[in-house]
Amino acid sequence: MGNTLRGLLFDVDGTLADTERDGHRVAFNRAFAQAGLDWRWDVAGYGKLLAVSGGKERIRYFVDSTLPDFRPPGGLDAFIAELHARKSRYFRELVEDGSIPLRPGVLRLLREAREAGLLLGIATTTTEANVRALLVSGLGADGPCWFDTIAAGDAVPAKKPAPDIYRLALRELGLDSSEGIAIEDSDNGLAAARAAGLLTVVAVNEYTRQQAFPGAALVVDQLGEPDSAFRVLAGDPGRSTCVDLALLGQLLRTVRS
Ligand code: XBP
Ligand code: MG
């Protein structure tokens with residue numbers, strides 16, 4: 001334990017890639033249409049539904065709040081599970097088509113962390129198969145092997161903002177929370193990481209830029225590249241212009257010292 005950076009924990013949706021608007025949302029709508037449902041989640045409405053993390057939980061919230069009399073044959077649980085499985089297949093098709101690239105700075109930071117021998121983990125509410133598809137598409141066939149653990153989806157009972165998925169990832173990495181930093185994009189993700197004791201850097205996106213990020217070490221519009229600086233929304237990055245290990249190490253030392 002100490003104030004030396006030993007590991008990075010990455011959220012997936014909205015952090016590694018902008019998956020929500022043109023990925024998950026489109027996949028949900030395809031699954032609804034394929035099931036003969038006239039449900040359609042538009043871009044703005046989906047932004048509100050993102051307050052509920054987890055796709056199955058999101059469908060259930062939608063049904064409970066807008067269609068309380070909806071009673072599918074076989075029961076709601078089984079119906080949602082099947083709809084979500086179909087949605088996940090559509091999502092992976094979109095990823096495999098190459099339509100969802102990694103966000104700026106992600107590949108650079110991952111490479112730097114690997115070269116430095118840091119532990120790398122994923123802590124996400126999405127389905128593990130989705131994560132693997134995204135990592136293969138963005139990093140190549142061995143992408144999933146870049147990570148020492150992939151903590152995902154239903155591996156824990158309570159999804160973000162609960163800290164459970166971060167605690168699981170930390171446990172699997174053998175890392176104390178004081179030795180790691182989480183990279184997130186949303187208020188729910190920040191709350192989860194903070195509750196697990198992790199210093200957290202937030203890179204916002206279209207759906208999360210209006211959110212509040214209490215307790216974030218740094219809030220930026222993207223991780224940035226050396227020749228394409230981030231915009232700082234909160235926190236002090238010193239002279240750094242992109243999120244790299246020098247900056248992350250400095251943030252950790254400042255907070256833990
Ligand atoms: C974001 C989520 C996920 C996705 C949909 O997760 O809440 O539910 O929107 O994925 P994170 P599933 O930012 O933690 O990666 O349908 O597979 O749940
Ligand atoms: Mg996210």
Tell me, please, whether a residue that is touching a helix residue (DSSP H, G or I) at 6+ places or on another chain (Cβ under 8 Å), within 19 Å of LEU16 (Cβ to Cβ) and surrounded by 21 or more Cβ atoms within 10 Å (Cβ to Cβ) can be found in the range 72-83.
-> no
Here the qualifying pairs (Cβ atoms under 7 Å; residues six or more apart or on different chains; first in the range 183-195 and of a type in the set (A, V, I, L, M); second part of a helix (DSSP H, G or I) and more than 8 Å from ligand 1 (Cβ to nearest atom)) come out as ALA192/TYR166; ALA193/TYR166
Filtered residue count, the range 185-208, keeping only those that are over 13 Å from GLU20 (Cα atoms), within 10 Å of ligand 1 (Cβ to nearest atom) and either surrounded by fewer than 23 Cβ atoms within 10 Å (Cβ to Cβ) or among the hydroxyl-bearing types (Ser, Thr, Tyr) (or both) = 1
From LEU134, LEU119, grab the single residue that is crowded, with 20+ Cβ neighbours inside 10 Å, within 16 Å of ligand 2 (Cβ to nearest atom) and either closer than 26 Å to GLU225 by Cβ or at pLDDT below 95 (or both).
-> LEU134
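One line per residue, one yes/no per condition, for (1) out of contact with any helix residue (DSSP H, G or I) (no Cβ under 7 Å at 6 or more places or on another chain); (2) not aromatic (Phe, Trp, Tyr):
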site	(1), (2)
LEU8	no, yes
GLY14	no, yes
ASP18	yes, yes
GLY23	no, yes
TRP41	no, no
LEU50	no, yes
ASP64	yes, yes
ASP69	yes, yes
Hey, LEU49 hits all of (1) touching a residue at least 24 places away in the same chain (Cβ under 8 Å); (2) surrounded by 13 or more Cβ atoms within 10 Å (Cβ to Cβ) but one; which does it fall short on?
-> (1)
Only residues in the range 84-110 that are in contact (Cβ under 8 Å) with a residue 40 or more places away in the chain and on the phi > 0 side of the Ramachandran plot count as the first member; pair them with residues that are surrounded by fewer than 16 Cβ atoms within 10 Å (Cβ to Cβ) and not in a loop (DSSP other than H, G, I, E, B), Cβ under 9 angstrom, at least 6 apart or cross-chain, and list the lot.
-> GLY105/SER228
For the range 160-184, name all the residues that are within 16 Å of the chain's Cα centre (by Cα), among the small types (Gly, Ala, Ser) and crowded, with 24+ Cβ neighbours inside 10 Å.
-> ALA169, ALA182
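The values are calculated or read from the model by the stated rules, or taken from the named source; none is laboratory data. Keep in mind that what you see is a predicted model, and the values were worked out from it rather than measured. Virtual Cβ from ideal backbone geometry, glycine too; neighbours counted across all protein chains shown.
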